[in-house]
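K.L.:
Provided herewith is a single structure, encoded as structure tokens, for subsequent inquiry.
Coordinate-derived values only; no laboratory data. In this text, all values refer to a predicted model and were calculated from it rather than measured experimentally. Glycine also receives a Cβ, built like all others from the backbone with ideal geometry; neighbour counts cover every protein chain displayed.
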Amino acid sequence: MDSQAGPSDTSRKRKAPPATDCNTTKSSRGASISKGKAKGKRKEDVIWPEYFDSLFKVFKALNTVLAFCSSRKHMATTFTVVRSSVESLLKQPLDLSKVAEIKALLPDIVKFAYIPRNELRVHGDSRVQSEDRGGRRDRSPDYGAFMESAPSSSRIGGPTEDEHVLILEFVDNAKGKKSANAGFALAPPPSLTPQAVQKLIEKRNLRFSQAVNELLHATSDSNDPVALLQSAAHDHIPVNPSTPSRASPFSDVKGKVAVPESKDRATIEAIINEIQTQGWYKGQIVDHRVFDAKASLMGTLDTPLSPRISQALKESRNITALYGHQVAAINAVSSGDNVIVSTSTASGKSVIYQLPVLKFLEEDADATAIFIYPTKALAQDQKAALEQLLCACPSLEHIKVATYDGDTPQDKRAVIRETTSVIFTNFDMLHASILPHEDLWRRFLKNLKIVAVDELHYYSDLFGSHVAMVMRRFRRVCAAVGNRRSRFVSCSATIAKPKQHMKDIFGIEDVVEIMEDGAPSGRKDFLVWNPPPLDAMDPTLGRHSSMSEAVGLMRFLMKRGVRCILFCKIRKTCELAMKTLRSDLSAEGRLDILNKVMSYRGGYSQEDRRRIEREAFSGQLLGIVATNALELGVDIGVLDAVIMLGFPVSVASFRQQAGRAGRRARDALAVFVADSLPIDQHYIEYPNELFDTPVKDLVIDLESKIILEAHLQCAAHEMPLTLEDEKYFGPLTKELCETKLSKDKDGWYHPHPKFLPYPARHIALRGVEEEKYVVIDVTKLGQAGGDGHIVEEVEVSRALFEIYEGAVFIHQGMTFVVKEVSHDSKQARVIRADVNFITQPRDFTNVDATQTHRIREIKASLCHAFYGRIELLTLVFGYFKIRNKKILDSVDLETPPWRRETTGFWIDVPKETLHLLKEKSINAAAAIHSAQHAILNRFAMRGDLHTECKVPEKEYRTTESQRKRPARLIFYDTAGKGGGVAGKAFDHVSEILTKAHERVAMCSCEEGCAECVNSPSCREGNVVSSKLGAFVVLKSLLGLPIDPDSIPEQYEEPLQGYQTIIEAPPVRAIVGVDVEKE
């Protein structure tokens, strides 16, 4: 995000308008008649017109029939079925308009609409399979039926009348018997007892009475409430999607209109005002901030550009003058300095290293440069930009540039080395391909003038620590071939200490830091958006889904010519959002918009990735649904709005994503759509923290012996080491060379034989590259002219949860059903099927300490910390079929377990502490989980340290689980990644524990926040959480006195249910382990 991210003198906060009160609701709002938060009165308190008594009879008949349907799990509530039953009760026909009037009274509770017919399907056909098949349900998916019902096509066409069915149902909390799994976010369709049915009927009847009372109270004497209701009901008469008409929430009341060009769209301010007039708007905007436009600050170069370069800038980019920060950086490079520029997104940072390269090439045709990027997409984008600039420069059209990454064919690499002047690459290639073969690159390296590293803030923690060592190896090789003149240039988003970060990464001291941003910026509006309650009168129903809100808002904006990007936290959410967009836009008949929307995430094939990038870079897309793969500075054209679906892990990431909009100094919009998770709702409560919280320092570990040794082995292979190389690798060089490398008779150090012949292969900068499953579409296989084709490749760690037999696999928003999986050949065969449910694996992961290698005392405590081998076991034993967060079916699977080994450390919770937690009715799993998060939050390299997150459906269940877990706080390194991060934390365990305890004790929040016991990266959303329990656990581990009387009980009665935590058994230690003193 730009430097205006936090509140400043030029920013102002707008108070969001309050949600409409029930007593002021007007029918002119459009779709609904009754909304509100106040308690409604019973019927006898208000005199009803006779019309409403008649309508109440219709409602009660509907209520009775639908309540009966609620007691039957698989009874579809199509209007045809419901209508005949209601007419039998009323002894008169049921008029469609009467149902529409009831819908107008209770818009958030009654669902009366056409849906695709296949939404009623759970299995391969439209009929529910028999419950009685030899005493068992047949769990096998009917793949043949899917193939018959769905074409093998990615084209989304308009639906036909036969493909939709009219349904009528209530969407309130019709609950059956108490769930045996109280913590589960999903629920099976209710199966109600007769008593529960009667209670549900009474509750709904009361809600109808309240709605009528609200309408009568809100109607002035000059208006007729009956006429108002009938008028509003017109908006609720369902129309088949095959007929051009109105549509769903977030759709236009004006009907289908052409999408305006981006340059012709309304202002963001006007669009926000329009949002607040929509019938579906219910006060979702809880915080609105405006940052005013900022004028540019220009500068003048000490040494002017040549006329040819100046002309090329004007022709290719319409640049006739440079911003102040660009001038300062180019002047510094011209003076021989190393530079880091830390300014806002879209401030023209790439010019800072591109123009000096052009100047060097004008002076010396043999000059070379290396541009390093964190992603292939960014490298492709910048390569195209430089090629355009070179083509416009008369003396440099012949200069060759090329990407050099994992996608570069082997047969083209030699040509690139010999003929290319500028290469676009990444640190992985520098480490594994260029440095190990430095003898082939000597021409290039001798003439190297500039090394530019873009998005330097990307490199931190374990990955950044590896990169720092690669840069030191690179500088050493350049010096060895006689080049000590290269300038190092880096660009970064706004970070806390850019100069220090560049010093850490590059291993250099003379760095010029430039942070004053001279680029202009347009007005930017920030919205914090909380999905509204399903029913303001009944908070127990929860809120609308953040997914539907974000996608609906994106549709609304795109129709007004606002080019949007929707950021999702994980790949699956990205595909689900794209799937929802496909469905909604198709239902509205807006194929003109759908054809300009794509999803972008990791995992796509090279061909798909390049195609999407071309369309994105050209600015032809109206909307992109993406993971953080596009969070970095790829120029994807004019973006007017950013929508963030859920809090994006960190405040720094939030600001980076928000900064993607308004890249051309136009007005822009950034919207944070909150999930229901605790971390998101914390920022709903305290939105100032999104703008005021300082960005945390980036961390690089230059003292890790594990990382340093690995890179010394590589450096020695590139060219033998001497102790003089300490100037590159630091004070640990001598110790590691003498103990870990091989020394020859002349005193040179070479790699240890066990790392030969290629030491670089023993280090994966981003972790060990996983094996991949190939997903193959076989829908047309066996048909005339048909064959299978690869959809994408999926890493093992994802494949386990996404491609089991019967799973719904989503690619570019299109659904496929997994027909067959071969774990031996790593292949999954899928068929194209337009199903309207998703699947979710039923799985568990155990994180178990298996062997102790080290024991360390905790200062002033009787407890010890242990370090050693950790075994991870993941098993997928089944899956759920899910629609609208309801479980349609549960299927068992037999899949092989996935086992991995890694290293980590653990601390056992004393038995006395477990007894105290139980006595105070504090859930032990929640206490341990929160204590683990508190420790991670105080550890600088927490991004590369993991813990065992507690799953709510297990920890809060009311039936006993056979899976008991030891009372143990456990932390581990990423399997296969190495780096010794857990070992680093273990070495400082007393200090980290103390900081965690102090933070929890001092934090002013009530139930936990991201500063104390919540983690934005928690896989289970911090649902299993207890700040008080974490405080007790941390206090006990530090050996601090605990006064039981000072700890309040969490419930009036002793803790009910079954405990999943048991006393931790000892872990076998290797021979000769002594306790290390603090």
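K.L.:
Kindly provide the Kirkwood hydrodynamic radius of segment 686-777 in Å, to one decimal, from all pairs of distinct alpha carbon atoms.
P.N.:
16.1 Å
K.L.:
With a Förster radius of 51 Å, plug the Cβ-Cβ distance of residue 1002 and residue 230 into 1/(1 + (r/R0)^6) and report the FRET value to the nearest 0.05. Don't skip to the answer; put the middle values down first.
P.N.:
Details: r = 60 Å, r/R0 = 1.17.
Calculated value: 0.30.
K.L.:
Among 363, 1076, 1011, which comes first, second and so on when ranked by fewest other beta-carbon atoms within 10 Å? Walk me through the numbers on the way to the answer.
P.N.:
Details: 363 10, 1076 14, 1011 18.
The most exposed by this proxy come first: 363, 1076, 1011.
K.L.:
If each of residue 398 and residue 756 carries a label point 7 Å out from its Cα toward its Cβ, how far apart are those two points in nm?
P.N.:
4.5 nm
K.L.:
Within segment 888-1000, what percent of beta bridges assigned by DSSP are antiparallel, to the nearest 5?
P.N.:
Numbers: 8 of 8 bridges.
Roughly 100 percent of the DSSP beta bridges within segment 888-1000 come out antiparallel.
K.L.:
Given a Förster distance of 25 angstrom, what is the FRET efficiency for residue 961 paired with residue 1042, based on the Cβ-Cβ distance and rounded to 0.05? Mind showing how you got there, number by number?
P.N.:
Working: r = 28 Å, r/R0 = 1.14.
Working from the Cβ atoms, E equals 0.30.
K.L.:
For segment 835-987, how big is the tail of P(r) above 17 Å, as a whole percent of Cα pairs?
P.N.:
On the way: 8052 of 11628 pairs.
Tail of the P(r) past 17 Å holds 69 percent of the pairs.
K.L.:
Can you sort 562, 327 by how many other beta carbons sit within 10 Å, fewest first? Provide the component values of the computation, followed by the final result.
P.N.:
Values: 562 24, 327 20.
Ordered from fewest to most neighbouring Cβ atoms within 10 Å, 562, 327 come out as 327, 562.
K.L.:
Here is a follow-up. Beyond 21 Å, what share of the Cα-Cα pairs of segment 298-514 is found? Please give it as a whole percent.
P.N.:
Result for the distance tail: 52 percent.
K.L.:
Counting only the backbone N, which residues of segment 862-883 are under 11 Å from the spot 7 Å out from the Cα of residue 1078 toward its beta-carbon?
P.N.:
Residues 862-865 fall inside that zone.
K.L.:
Round to the nearest 0.05 the FRET efficiency obtained for residue 824 and residue 334 when R0 = 60 Å and r is the Cβ-Cβ distance. Intermediate values should be presented prior to the final figure.
P.N.:
Working: r = 60 Å, r/R0 = 1.00.
Result of the calculation: an efficiency of 0.50.
K.L.:
Return the subset of 918/1035; 696/1027; 696/950; 314/349; 911/984 for which the Cα-Cα distance in this structure is over 19 Å, preserving the input order. Before the final figure, lay out the partial values.
P.N.:
Working: 918/1035 16 Å; 696/1027 23 Å; 696/950 27 Å; 314/349 17 Å; 911/984 27 Å.
Correct reply: 696/1027; 696/950; 911/984.
K.L.:
Next question. If each of residue 685 and residue 772 carries a label point 7 Å out from its Cα toward its Cβ, how far apart are those two points in nm?
P.N.:
Label-label distance for residue 685 and residue 772, simple model: 4.3 nm.
K.L.:
Need the full-extension length gain, residue 705 to residue 793, defined as separation in residues times 0.36 nm minus the C-alpha distance. One decimal, nm. Each step should come with its number before you reach the end.
P.N.:
Details: separation 88, 0.36 × 88 = 31.68 nm, distance 3.52 nm.
Result: 28.2 nm gained on full extension.
K.L.:
How large is the Rg to Rh ratio of segment 789-862 when both quantities use alpha carbon positions and Rh follows Kirkwood? Intermediate values should be presented prior to the final figure.
P.N.:
Numbers: Rg = 19.8 Å, Rh = 15.4 Å.
Expressed as Rg/Rh, it is 1.29.
K.L.:
What spacing in nm lies between the two simple spin-label points modelled at residue 886 and residue 915, each 7 Å away from Cα in the Cβ direction?
P.N.:
Distance between label points: 4.9 nm.
K.L.:
At 0.36 nm per residue, and after removing the present C-alpha to C-alpha distance, how many nm does the segment from residue 363 to residue 221 gain when stretched out fully? Write down the numbers at each step before the final one.
P.N.:
Working: separation 142, 0.36 × 142 = 51.12 nm, distance 8.61 nm.
Contour length minus the Cα-Cα distance gives 42.5 nm.
K.L.:
While we're here: Any idea what diffusion coefficient segment 352-391 gets from Stokes-Einstein, in µm²/s, Kirkwood Rh on alpha carbon pairs, 25 °C, 0.890 mPa s?
P.N.:
Details: Rh = 11.0 Å.
D, rounded to a whole number, is 224 µm²/s.
K.L.:
Same structure, new question: Pairs to check: 446/727; 383/412; 91/885; 400/449. Give those whose C-alpha atoms are more than 26 Å from each other in this structure. Write down the numbers at each step before the final one.
P.N.:
Details: 446/727 21 Å; 383/412 17 Å; 91/885 37 Å; 400/449 16 Å.
Long pairs (Cα-Cα over 26 Å): 91/885.
K.L.:
To continue, here is another question. Please work out how much length the chain gains when fully extended from residue 298 to residue 742, using 0.36 nm per residue of separation minus the C-alpha to C-alpha distance, in nm with one decimal.
P.N.:
Numbers: separation 444, 0.36 × 444 = 159.84 nm, distance 5.62 nm.
Working it through step by step, the gained length comes to 154.2 nm.
K.L.:
Counting other beta carbons within 10 Å of each Cβ, put 236, 929 in order, fewest first. Don't skip to the answer; put the middle values down first.
P.N.:
Details: 236 22, 929 30.
Final ranking by Cβ density, sparse to dense: 236, 929.
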